[in-house]
1. Given the criterion modelled with pLDDT of 90 or more and not small (Gly, Ala, Ser), identify the matching residue among Val491, Val428.
2. May I ask you to verify whether Gly313 is touching a helix residue (DSSP H, G or I) at 6+ places or on another chain (Cβ under 6 Å), surrounded by fewer than 20 Cβ atoms within 10 Å (Cβ to Cβ) and on the phi > 0 side of the Ramachandran plot?
3. Does Val26 satisfy being in the same structural domain as Trp141 (by TED's automatic domain parsing), modelled with pLDDT under 90, of a type in the set (A, V, I, L, M, F, W, C) and assigned to a helix (DSSP H, G or I)?
4. Restricting to region 21-44, and then to whatever is surrounded by fewer than 16 Cβ atoms within 10 Å (Cβ to Cβ) and free of Cβ contacts under 8 Å to residues at least 60 places away in the same chain, can you tell me which residue is farthest from Phe99 (Cα to Cα)?
5. Provide a single number: the residues in region 267-324 that are assigned to a helix (DSSP H, G or I) and of a type in the set (S, T, N, Q).
6. Please determine whether any residue of region 45-59 is within 21 Å of Leu131 (Cβ to Cβ) and either touching a Cys at 6+ places or on another chain (Cβ under 6 Å) or in contact (Cβ under 8 Å) with a residue 24 or more places away in the chain (or both).
7. Any residue at all in region 468-475 that is in a helix (DSSP H, G or I), at pLDDT 95 or above and over 23 Å from the mean Cα position of the chain (by Cα)?
8. Can you confirm whether Arg381 is closer than 23 Å to Leu402 by Cβ and buried (at least 24 other Cβ atoms within 10 Å of the Cβ)?
Amino acid sequence: MKKLSKYLLTGLRILLGWYFLYEGIVKLIQPDWSAKIYLMGSKWIFASFFHTMAASPGAMKVVDFLNIWGLIFIGLSLIIGLLVRWSSIAGSVLLLFYFVAYPPIPGYTFGSVAEGSYLWVNKTLIEFFTLLVFAALPSHWFYGFDRWFIRWKEEKPRAPIPNVNGKDGLLERRELLRDLISLPILGVFAYAIYRKTKWESFEKKFLTEKPDATSGATLKSFNFVSLENLKGQVPKGKIGNMELSRLIMGGNLIGGWAHARDLIYVDKLVKAYHSDERVMATLQLAEKCGIDAILCNPQLTRVINKYWHETGGKIKFISDSGHKDGILEGIRLSEIGGASAMYCHGEMSDRLIRDGKFDEIIKGLELIRSYGKPAGIGAHRLETIQACVAQGIKPDFWVKTLHHHNYWSAQIDSARKGTLDAGFKDNVFCSNPQETIDFMNNLEQPWIAFKILAAGAIHPKDGFQYAFNNGADFIVVGMYDFQIVDDTNLVLDTLANVNRSRSWYG
């Protein structure tokens, strides 16, 4: 075999070993690392096997040990070229488990699809076949300890022959150096790990102990609450015959309709964050928490249908039926898109009632009911609901804003007070909360409260308690994936200590 080919194969083996060793070391030094959450997220044909492993503390100890030390020893073996065939076989088995747990098949990944996943083929599969090749190739095709041992075993039985010109000795030394070529790589690896941990320690010390200035972002730590911290499933209620979780996902953050006051870049930011894969992973996580519905606009039917098709998810789609061509067109598109319930969009209802177009609202409710779906009316303005009640219009449910004004940006524009916009500055969405509470308490249809956090101005713990205490039967909250478990736990705590005068409807 040509010498250049040996160098190339050896280099490939060392790089793959570096990858294994790094993955193992990172897991070893990371406090409380466990593969449990990874296994819990598996969804393919072997999902039940991985879920059973994750549910057993004893099994997880074995799995975590084999993951960490398996990666480390396989990495060391590949770098120095010792027992390459056996480490390649062991690495192949490990990678096979990784692949079947999270195959690169649309809908069977958990979280956003990372770099290295290319629709049925990913880097795990490529590494798996590379290791199979290493396992099949003769040991003397690589420079390393295996090759040195083979040569040593072959030369040992021979009687020593005096070396006259020293050429054989020089050749042997050169071959030995080639076989030890990977040892400096271990030194480079150790130095790189040292520098990385040293920088991380310095960064942590600099940011937490000796800041140049103090701010909320400087002093607060961020904790991603995982499924392992989940306290339970969100309780259910009913709208008509449709069972519904008390906490419903809002679609604004996914669709990019963010209310961010003076931060004009936020709409683009949330759209950039919420790729299709991220949205589907977020919905998967919500369902694991017992959140079984998302309230959003017909524009999102594409990604919701993609989620249903690719993951087998069951999350319900409640459509606000908002559309540029009117409520009726929005309802038709929502039905085509598979909506489980529909209602007349709040802003559109406000305008229709202001203009005295009650017939449009009535036609909308009739069309929704003709599809056999629960029909609702949404509103930002309390006057909209009051007018509908006065006209004898009875939906199956109401969707109304509710939040208090105890936050710094709750300022009403006096010049527009009393207009359709009720003085909104993209900061107040329920202009008369107490009047809303008093009026809604007399209605016997289920009430879905939205904008309960005033678009991020009110802490969820405060907003959830305020909404449920004051009569809301369900709440809608826009959530990023990293907020879902936190919000679920908050809802459970809130409902365990709720104090309300209005009866539960639904």
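1. On the way: Val428 fails: modelled with pLDDT of 90 or more.
Just one listed residue meets the conditions, Val491.
2. Numbers: touching a helix residue (DSSP H, G or I) at 6+ places or on another chain (Cβ under 6 Å): yes; surrounded by fewer than 20 Cβ atoms within 10 Å (Cβ to Cβ): yes; on the phi > 0 side of the Ramachandran plot: no.
It is false that Gly313 is touching a helix residue (DSSP H, G or I) at 6+ places or on another chain (Cβ under 6 Å), surrounded by fewer than 20 Cβ atoms within 10 Å (Cβ to Cβ) and on the phi > 0 side of the Ramachandran plot.
3. Details: in the same structural domain as Trp141 (by TED's automatic domain parsing): yes; modelled with pLDDT under 90: yes; of a type in the set (A, V, I, L, M, F, W, C): yes; assigned to a helix (DSSP H, G or I): yes.
Against the criterion (in the same structural domain as Trp141 (by TED's automatic domain parsing), modelled with pLDDT under 90, of a type in the set (A, V, I, L, M, F, W, C) and assigned to a helix (DSSP H, G or I)), Val26 qualifies.
4. Restricting to residues being surrounded by fewer than 16 Cβ atoms within 10 Å (Cβ to Cβ) and free of Cβ contacts under 8 Å to residues at least 60 places away in the same chain, the top hit is Pro31.
5. 6
6. Step one: filter region 45-59 for residues within 21 Å of Leu131 (Cβ to Cβ), giving 46.
If we keep only those that are either touching a Cys at 6+ places or on another chain (Cβ under 6 Å) or in contact (Cβ under 8 Å) with a residue 24 or more places away in the chain (or both) too, we end up with 46.
Yes, region 45-59 contains at least one residue that is within 21 Å of Leu131 (Cβ to Cβ) and either touching a Cys at 6+ places or on another chain (Cβ under 6 Å) or in contact (Cβ under 8 Å) with a residue 24 or more places away in the chain (or both).
7. Scanning region 468-475 turns up at least one residue that is in a helix (DSSP H, G or I), at pLDDT 95 or above and over 23 Å from the mean Cα position of the chain (by Cα).
8. Details: closer than 23 Å to Leu402 by Cβ: yes; buried (at least 24 other Cβ atoms within 10 Å of the Cβ): yes.
Spelling it out, Arg381 is indeed closer than 23 Å to Leu402 by Cβ and buried (at least 24 other Cβ atoms within 10 Å of the Cβ).
The values are calculated or read from the model by the stated rules, or taken from the named source; none is laboratory data. In this text, all values refer to a predicted model and were calculated from it rather than measured experimentally. Here Cβ is always computed from backbone atoms with ideal geometry, including for glycine, and neighbour counts include all displayed protein chains.
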